[in-house]
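Here is the structure we will look at.
The values are calculated or read from the model by the stated rules, or taken from the named source; none is laboratory data. Just so it is clear, the structure is predicted and the values come from calculations on it, not from any experiment. Every residue, glycine as well, gets a Cβ built from its backbone with ideal geometry; the counts of neighbours run over all protein chains shown. Note: areas computed on protein heavy atoms with side chains; ligands, DNA, RNA excluded. Shrake-Rupley method; radii C 1.70, N 1.55, O 1.52, S 1.80 Å.
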Amino acid sequence: EAGVAQSPRYKIIEKRQSVAFWCNPISGHATLYWYQQILGQGPKLLIQFQNNGVVDDSQLPKDRFSAERLKGVDSTLKIQPAKLEDSAVYLCASSSPRGSGYTFGSGTRLTVV
Amino acid sequence: SQELEQSPQSLIVQEGKNLTINCTSSKTLYGLYWYKQKYGEGLIFLMMLQKGGEEKSHEKITAKLDEKKQQSSLHITASQPSHAGIYLCGAERLGLVFGKGMKLTVNP
């Protein structure tokens, strides 16, 4: 079984620029999550999708962050404009309805300079 | 305040030593996950505990769930350098809520 795929692996941008991250979940996993992990902290949930609908985006800074999951498969997380404090690892995870756990991708490490 | 508190925050041990990591929740635990993470990388699933008193083992790692105390522990027997990394506990909510993690260093 292929894992959760994320790209790019690393990204360095200047503040006020925009950036996008891509995630391809495990085939058949209806639920997809985006997490932000700042250095020294645990991952923080930004948004949860069930198929192509948003279940929870209460911790997503909607003035600059947006996410979509077209056709209920791949997902994209965008930041526009980026701030220095957005420097973090962005993790994508997926899970199946049968509660078999959560599988995480390798993450995208974003550095905003 | 943090919903999940992990202790200790970091640990340095000599190879071959045993160690225990704790995760305490301020809310009722319905499911507790343990993950391991190498610096800046993705999370590797270790174990999932769902029932009070449940105990699971994989190789030299054992995890227990004390539902009444809202606490889980992860025990590593005869630690090796390959055990080094950040250990994260996550509680089942709408998605997972994580603790801050425990950084483990194992010196050969």
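Does the stretch A:56-64 contain at least one residue that is open to solvent by 60 Å² or more (accessible area, probe 1.4 Å), free of Cβ contacts under 8 Å to residues at least 24 places away in the same chain and on the phi > 0 side of the Ramachandran plot? No, because not a single residue in the stretch A:56-64 is open to solvent by 60 Å² or more (accessible area, probe 1.4 Å), free of Cβ contacts under 8 Å to residues at least 24 places away in the same chain and on the phi > 0 side of the Ramachandran plot. Quick one: residue A:103 ticks every box in (1) assigned to a loop (DSSP other than H, G, I, E, B); (2) within 19 Å of residue B:98 (Cα to Cα); (3) open to solvent by 20 Å² or more (accessible area, probe 1.4 Å) bar one, so which box is it? Tallying (1) assigned to a loop (DSSP other than H, G, I, E, B); (2) within 19 Å of residue B:98 (Cα to Cα); (3) open to solvent by 20 Å² or more (accessible area, probe 1.4 Å), residue A:103 fails exactly one: (1).
Condition check ((1) more than 13 Å from chain B (Cβ to nearest Cβ); (2) of a type in the set (S, T, N, Q); (3) under 22 Å from residue B:35 (Cα atoms); (4) not in a strand (DSSP E or B)) across all residues:
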{"position": "A:6", "(1), (2), (3), (4)": "no, yes, yes, no"}
{"position": "A:22", "(1), (2), (3), (4)": "yes, no, no, no"}
{"position": "A:33", "(1), (2), (3), (4)": "no, no, yes, no"}
{"position": "A:40", "(1), (2), (3), (4)": "no, no, yes, yes"}
{"position": "A:48", "(1), (2), (3), (4)": "no, yes, yes, no"}
{"position": "A:58", "(1), (2), (3), (4)": "no, yes, no, yes"}
{"position": "A:66", "(1), (2), (3), (4)": "yes, yes, no, no"}
{"position": "A:90", "(1), (2), (3), (4)": "no, no, yes, no"}
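With respect to the stated conditions, residue A:96 is open to solvent by 10 Å² or more (accessible area, probe 1.4 Å), more than 12 Å from chain B (Cβ to nearest Cβ) and in contact with a His (Cβ under 9 Å, 6 or more places away or on another chain). Residue A:18 passes all but one of (1) without any contact (Cβ under 8 Å) to a residue 60 or more places away in the chain; (2) away from every other protein chain (no Cβ under 14 Å); (3) of a type in the set (S, T, N, Q); which number fails? Going through the list (1) without any contact (Cβ under 8 Å) to a residue 60 or more places away in the chain; (2) away from every other protein chain (no Cβ under 14 Å); (3) of a type in the set (S, T, N, Q), residue A:18 breaks only (1).
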